[in-house]
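To start, the structure under review is shown below, and the notes come after it.
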Amino acid sequence: MTTTDSGLAVHRESPLGDDLVLLFQRHTADMHADTPPESIHMMPREALVAPGIDFFVLRDHGRPVAMGAIKRIDDSHAEIKSMHVLTEERGHGHSRRLLDAVIGHARAAGYQRISLETGPQPIFAAARGLYHRAGFAECGPFEGYEADPFSVFMTLQLTS
């Protein structure tokens, strides 16, 4: 999808790749660190292998450092799922690079809107800031979600 001279590349891949175990372990640990189980909306990696879901990995010289997915809700709306950057890789613009690739994919696929659910806890503050800077605005629950004090819902209009 995107490759740079710096050795960074974002590609669509299977979430079942053997070298993605650490990303999923860390993502799962973060989701469970400060959120009650009933408020965790993370998809297991096996569930990310499904029609209507595109999974992306950001690699640095071949090493996976970030992941994210987009899940089709309907012909005009998609949801971002499983965004995660390894803690030791944060602060290098990887989150924005991956988010831009996911948004670009959503636009190319013809979606008019892309939404997400994240948490209000401090562990998610950087993610909320990233999404705000990318143009996402807070919104109400969408597609099967319900209001939850442990959820923040955000959306981005891709077309006017």
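Need a quick list: strands (runs of 3 or more DSSP E) entirely within segment 73-160 having at least 3 residues that are touching a helix residue (DSSP H, G or I) at 6+ places or on another chain (Cβ under 6 Å) and buried (at least 19 other Cβ atoms within 10 Å of the Cβ). Spell out how you get there, then give the answer.
Values: elements: 77-85, 113-118, 137-139, 152-157.
Output list reads 77-85.
Out of all the residues in segment 118-138, is one or more within 19 Å of Asp75 (Cα to Cα), without any contact (Cβ under 8 Å) to a residue 60 or more places away in the chain and touching a strand residue (DSSP E or B) at 6+ places or on another chain (Cβ under 7 Å)?
First pass over segment 118-138, keeping only residues within 19 Å of Asp75 (Cα to Cα): none.
No, every residue in segment 118-138 fails to be within 19 Å of Asp75 (Cα to Cα), without any contact (Cβ under 8 Å) to a residue 60 or more places away in the chain and touching a strand residue (DSSP E or B) at 6+ places or on another chain (Cβ under 7 Å).
So how many residues does segment 3-29 have that are touching a strand residue (DSSP E or B) at 6+ places or on another chain (Cβ under 7 Å) and outside any loop (DSSP other than H, G, I, E, B)?
11
Can you tell me how many residues within segment 51-79 are under 11 Å from Leu8 (Cα atoms) and of a type in the set (A, V, I, L, M, F, W, C)? Step through it out loud before you land on a result.
Step one: list which residues in segment 51-79 are under 11 Å from Leu8 (Cα atoms), which gives 57-66.
Next cut, of a type in the set (A, V, I, L, M, F, W, C) only: 57-58, 65-66.
Selection size over segment 51-79: 4.
For the condition under 26 Å from Ala147 (Cβ atoms) and either in contact (Cβ under 8 Å) with a residue 12 or more places away in the chain or among the β-branched types (Val, Ile, Thr) (or both), what is the one hit in His105, His77, His61? Give the steps one after another, and end with the answer.
Numbers: His105 fails: under 26 Å from Ala147 (Cβ atoms); His61 fails: under 26 Å from Ala147 (Cβ atoms).
Of the residues listed, the single one that is under 26 Å from Ala147 (Cβ atoms) and either in contact (Cβ under 8 Å) with a residue 12 or more places away in the chain or among the β-branched types (Val, Ile, Thr) (or both) is His77.
Would you confirm, using the coordinates I've provided, whether Arg59 is part of a helix (DSSP H, G or I), over 17 Å from Arg128 (Cβ atoms) and of a type in the set (Lys, Arg)?
Working: part of a helix (DSSP H, G or I): no; over 17 Å from Arg128 (Cβ atoms): yes; of a type in the set (Lys, Arg): yes.
So Arg59 fails the test.
Going by the structure shown, is Phe142 among the hydrophobic types (A, V, I, L, M, F, W, C), touching a strand residue (DSSP E or B) at 6+ places or on another chain (Cβ under 8 Å) and free of Cβ contacts under 8 Å to residues at least 60 places away in the same chain?
Numbers: among the hydrophobic types (A, V, I, L, M, F, W, C): yes; touching a strand residue (DSSP E or B) at 6+ places or on another chain (Cβ under 8 Å): yes; free of Cβ contacts under 8 Å to residues at least 60 places away in the same chain: no.
Here the answer is no, as Phe142 does not meet what is asked.
When you check Arg72 against the structure, is it at pLDDT below 95, more than 21 Å from Leu130 (Cβ to Cβ) and charged (D, E, K, R), yes or no? I'd like the intermediate steps shown before the answer.
Values: at pLDDT below 95: no; more than 21 Å from Leu130 (Cβ to Cβ): yes; charged (D, E, K, R): yes.
No.
For residues that are surrounded by 15 or more Cβ atoms within 10 Å (Cβ to Cβ) and aliphatic (A, V, I, L, M), scanning just segment 5-39, find the one that is nearest to Thr118 (Cα to Cα).
Met31
For segment 44-71, enumerate the residues that are over 30 Å from Ser6 (Cα atoms) and either buried (at least 18 other Cβ atoms within 10 Å of the Cβ) or not hydrophobic (A, V, I, L, M, F, W, C) (or both). Before you say what the answer is, go through the steps one by one.
Applying the first criterion (over 30 Å from Ser6 (Cα atoms)) to segment 44-71 yields 44, 46-47, 50-52.
Pro44, Glu46, Pro51, Gly52, listed by residue number.
The values are calculated or read from the model by the stated rules, or taken from the named source; none is laboratory data. This is a predicted model, so every value here is computed, not measured. Cβ coordinates were reconstructed from backbone atoms using ideal geometry, including for glycine residues, and neighbour counts include every protein chain displayed.
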